[in-house]
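A short worksheet on the structure shown next.
The values are calculated or read from the model by the stated rules, or taken from the named source; none is laboratory data. What you see is a predicted model; the values in this text were computed from it and never measured. So basically every Cβ, Gly included, is an ideal-geometry build from the backbone, and we count neighbours across all protein chains shown. Only protein heavy atoms, including side chains, enter the accessible area calculation; ligands, DNA and RNA are left aside. Shrake-Rupley method; radii C 1.70, N 1.55, O 1.52, S 1.80 Å.
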Amino acid sequence: VALVGPNGAGKSTLFDLMSGLAPLTSGTITLLDERIEGRPARAIARRGLSRSFQHTHLRSDMTVLENVALGGHLRSRNGTLRAALRLDRQEEAALLSEAAAHAENLGLGAALDVPAGTLALGQQRIVEVARALMADPILVLLDEPAAGLRYAERQELTFAIREMRHRGISVVLVEHDLEFVGQIADRVIVLDFGTLTAEGTPDAVIRDPRVIEAY
């Protein structure tokens, strides 16, 4: 599902509400038939919701592999004591192996040991997608993932999103580029100043007079 609309429409705010990063003042948010509004972001992530941000949130001093592996930290079963005694090495090795597999599937195999901060913007966004997959999500929110990307980087991102869909993961993305939306979205929802103004297939929505006026 693509969520589109002009600047100030409320798209990123909606993502913040869904992921627990902003307080909800009215209404409800449901994930797998369970209300999640008001829950901490960590609890919502444990329920299976992962997200990326408009501006990449990577640890630039850590390698690509380490950044991807961070996405699996909520799945850890080891407490502080076991970690202090280094009894968590088997689990850590398993998480690193899984992180490497996600990175390689998304074309980052040659960059596993490269500091994430040295990558091009497009590759950094792919790292964020791989990190989101490490949380074993059922739903991934992508906030303007194609912003500032070159053609080849957009192709890599398109592959990454399709890979998530093939895995049975639902994807909601905020995007301004309607051409990009038309290539990957099954359904488009249009917001304008916080109000839903149109919904349907990409072709139908792009031709909608209300959408044309909003843009």
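For the range 7-56, how many residues are part of a loop (DSSP other than H, G, I, E, B) and closer than 30 Å to L149 by Cα? Quick ask: steps written out before the conclusion?
As a first pass, look at the range 7-56 and keep what is part of a loop (DSSP other than H, G, I, E, B): 7-10, 19-29, 32-33, 36-40, 47-48, 52-56.
Still in the list and also closer than 30 Å to L149 by Cα: 7-10, 19-22, 48, 52-56.
Final tally of qualifying residues: 14.
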Mind listing whichever residues of the range 177-195 are among the hydrophobic types (A, V, I, L, M, F, W, C) and open to solvent by 100 Å² or more (accessible area, probe 1.4 Å)? F193
Being of a type in the set (F, W, Y) and free of Cβ contacts under 8 Å to residues at least 24 places away in the same chain is the filter here; which residues of the range 127-171 pass it? Y151
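State yes or no: is T28 polar (S, T, N, Q) and farther than 17 Å from E175 by Cβ? Full working, then the answer.
On the way: polar (S, T, N, Q): yes; farther than 17 Å from E175 by Cβ: yes.
In short, yes.
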Restricting attention to the range 12-20, does a residue exist that is farther than 19 Å from V171 by Cα, of a type in the set (G, A, S), open to solvent by less than 50 Å² (accessible area, probe 1.4 Å) and at pLDDT 85 or above? no
Take D61 and tell me if it is in contact with a helix residue (DSSP H, G or I) (Cβ under 8 Å, 6 or more places away or on another chain) and modelled with pLDDT of 85 or more. yes
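Is it the case that L112 is under 25 Å from Q155 (Cβ atoms), in contact with a helix residue (DSSP H, G or I) (Cβ under 6 Å, 6 or more places away or on another chain) and either modelled with pLDDT of 90 or more or open to solvent by 40 Å² or more (accessible area, probe 1.4 Å) (or both)? Spell out the reasoning first.
On the way: under 25 Å from Q155 (Cβ atoms): yes; in contact with a helix residue (DSSP H, G or I) (Cβ under 6 Å, 6 or more places away or on another chain): yes; either modelled with pLDDT of 90 or more or open to solvent by 40 Å² or more (accessible area, probe 1.4 Å) (or both): yes.
Taking the combined requirement at face value, the residue satisfies it.
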Do we have any residue at all in the range 97-109 that's over 16 Å from the mean Cα position of the chain (by Cα), closer than 12 Å to G72 by Cβ, polar (S, T, N, Q) and open to solvent by 40 Å² or more (accessible area, probe 1.4 Å)? yes
